[in-house]
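Report on the following structure.
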Amino acid sequence: MKKRYMLLTIIGLLVTMMVACSSNKQASNGSGQEKAPPADASVTLDILSWWTAGGEAEALNAVLKGFTQQNPLIKVENAAIAGGAGANSQAVLSTRLQGGDPPAVFQAQGGPDLLRWQDAGYLQPLNDLYEANGWAEVFPQALIDMNSKDGHIYGLPMNVHRNNVIWYNKKVFAEHNIEPPTTFDDFFAIAEKLQANGIVPLALGDKTSRWATLVFEMVLLDEFGVDGAAELWTGKVDFDSPQMRSALETFSRILDFTNDNHSALDWQDAAELVIGGQAAMHIMGDWETGFFESKNFKLDVDYGWVQAPNSDKVFSIVNDSMGMPKDVVNVEEARKFIVYLGSEQAQQDFNKLKGSVPARTDVDISGFSPYSQGAAQDFKEAKINISLAGGSATPSGFINKVDDTVKEFVTQRNIDNFIKSLNQAKSLLNP
């Protein structure tokens, strides 16, 4: 009996030791967290953006596919959210960051649009990745500066877009024997002719009011020039000036030549009016060329382009960049994705479909469209305008106020109210 009791005791001790060993194997390396997934398990990264239309969606999917092929154990979830010129995506981003559920990587525009998230303490710097991959030598310093603050780099530039462009339907122009406008006097002359013949001169989709703001910005560039327009956003200028009133009168007249249903449409809906021949022109960034091509609407056959009036030596820049929040669950995999986005292959695949210029200066663009090749050269040579409508010229609070003010002006056409509203918002320029 005594021997049997001792045997049971020994067995009990052995079982206890085995359980303890098993627990130790399941524990992490002293961090108190669960162990990392085994080598053959996959992790998931969610990528938050607003690239959902035509060529931009195709561009994002091409990059996600390329990354997955190189990293089959990392699943990438496309969490793109449509609409609002990015406002809808940004609202979701804000909620997730504040709720402690950050996406792995997210899209923002270089400058205040991206850096506001660092001001709130949500971003992690990417300086070590820049150093390890030699990015300081291949990304223009201007783009790095747009994505930096206090010596830290928080964004990976994906592209360069130009938004001072008028796109036009070549068949409509040929049928009415008109040439694309180079001044606003030209624009109004052909607009009157087109309207008299039942064609909408200028397509507008300002369900998202930012696209009306873009048209207004083109008028500001014509009226003030690049330097004068930039001075407006310093907070030191009274918006009540003869030039501003002249710009608003021009803007109001332009609105007379747009489609009646503009407030129900977004930018891609307005682009469809040009494709269908119901409208002749559309003022939009050059992501439009990616959208047109995705619809089999071909450059120099179906559509042409000209820079907005009095801006032929100006490149009004929009920069899409990718940021990485702090507290990302799978941080090493997210960093690996950022590194891939900065590669020559990813930048080529993405920008060829999107209609933009690669942010990297060493990417082979010989297979890009003639438009994109020309835009790349213009970016090197033209005077740069940091675009208001592109989200890079002012803090987000001010551009949002501009959008609201433009939206009100589109319906009321009250110049005094417009100027009063902007003057009241000047404090938002220096928060």
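Odds and ends about this structure:
- Some residue of region 48-68 being in contact (Cβ under 8 Å) with a residue 60 or more places away in the chain and acidic (Asp, Glu): yes
- Among the residues examined, residue 247 qualifies as in contact with an Asp or Glu (Cβ under 8 Å, 6 or more places away or on another chain), assigned to a helix (DSSP H, G or I) and among the hydrophobic types (A, V, I, L, M, F, W, C).
- Candidates 128, 186, 119, 150 - the one that is surrounded by fewer than 22 Cβ atoms within 10 Å (Cβ to Cβ), among the acidic types (Asp, Glu) and on the phi > 0 side of the Ramachandran plot: 150
- Residue 372 farther than 30 Å from residue 69 by Cα and crowded, with 17+ Cβ neighbours inside 10 Å: no
- Residue check, residue 401 surrounded by fewer than 17 Cβ atoms within 10 Å (Cβ to Cβ), out of contact with any Gly (no Cβ under 8 Å at 6 or more places or on another chain), of a type in the set (Lys, Arg) and at pLDDT 95 or above: no
- Region 409-431, residues that are in a helix (DSSP H, G or I) and either exposed (fewer than 15 other Cβ atoms within 10 Å of the Cβ) or within 18 Å of the chain's Cα centre (by Cα) (or both): 411, 412, 416, 417, 420, 423, 424, 427
- Restricting 224, 216 to residues that are touching a Phe, Trp or Tyr at 6+ places or on another chain (Cβ under 9 Å) and hydrophobic (A, V, I, L, M, F, W, C) narrows the list to 216.
- Candidates 327, 269, 260, 300 - the one that is at pLDDT below 95 and either surrounded by fewer than 20 Cβ atoms within 10 Å (Cβ to Cβ) or in contact with an Asp or Glu (Cβ under 6 Å, 6 or more places away or on another chain) (or both): 327
- Subset of region 65-74 (residues that are in a helix (DSSP H, G or I) and either of a type in the set (A, V, I, L, M, F, W, C) or surrounded by fewer than 16 Cβ atoms within 10 Å (Cβ to Cβ) (or both)): 65, 67, 68, 69, 70
- The single condition from (1) of a type in the set (A, V, I, L, M, F, W, C); (2) within 30 Å of residue 301 (Cβ to Cβ); (3) part of a loop (DSSP other than H, G, I, E, B) that residue 139 fails is (2).
- Screening residue 77 on (1) in a helix (DSSP H, G or I); (2) among the charged types (D, E, K, R); (3) more than 22 Å from residue 153 (Cβ to Cβ) shows it passes everything except condition (1).
- Selection status of residue 80, under 23 Å from residue 331 (Cα atoms), among the hydrophobic types (A, V, I, L, M, F, W, C) and at pLDDT below 95: no
- Cβ-Cβ under 7 Å pairs, at least 6 apart or on other chains, region 357-375 side under 21 Å from residue 339 (Cβ atoms), far side at pLDDT 95 or above and among the charged types (D, E, K, R): 360/344; 362/344; 363/344
- Residues of region 92-131 satisfying the condition of being farther than 16 Å from residue 399 by Cβ, free of Cβ contacts under 8 Å to residues at least 12 places away in the same chain and not charged (D, E, K, R): 95, 98, 99
- Residue list for region 171-194, filter: assigned to a helix (DSSP H, G or I), within 33 Å of the chain's Cα centre (by Cα) and of a type outside the set (A, V, I, L, M): 171, 173, 184, 185, 186, 187, 188
- Looking across 230, 247, 271, 212, one residue alone is touching a residue at least 12 places away in the same chain (Cβ under 8 Å), of a type in the set (Gly, Ala, Ser) and more than 23 Å from residue 393 (Cβ to Cβ). It is 271.
Let's see how each residue does on (1) more than 20 Å from residue 425 (Cα to Cα); (2) in contact with a strand residue (DSSP E or B) (Cβ under 6 Å, 6 or more places away or on another chain):
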{"residue": "214", "(1), (2)": "no, no"}
{"residue": "232", "(1), (2)": "no, no"}
{"residue": "235", "(1), (2)": "no, no"}
{"residue": "239", "(1), (2)": "no, no"}
{"residue": "242", "(1), (2)": "no, no"}
{"residue": "255", "(1), (2)": "yes, no"}
{"residue": "259", "(1), (2)": "yes, yes"}
{"residue": "272", "(1), (2)": "yes, no"}
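- Single residue of region 352-398 satisfying the filter (part of a loop (DSSP other than H, G, I, E, B) and among the hydrophobic types (A, V, I, L, M, F, W, C)) that is nearest to residue 306 (Cα to Cα): 382
- Residues satisfying the criterion are absent from region 205-226 (criterion: over 27 Å from the mean Cα position of the chain (by Cα) and more than 30 Å from residue 174 (Cα to Cα)).
The values are calculated or read from the model by the stated rules, or taken from the named source; none is laboratory data. Quick caveat: nothing in here was measured; it's all calculated off a predicted structure. Glycine also receives a Cβ, built like all others from the backbone with ideal geometry; neighbour counts cover every protein chain displayed.
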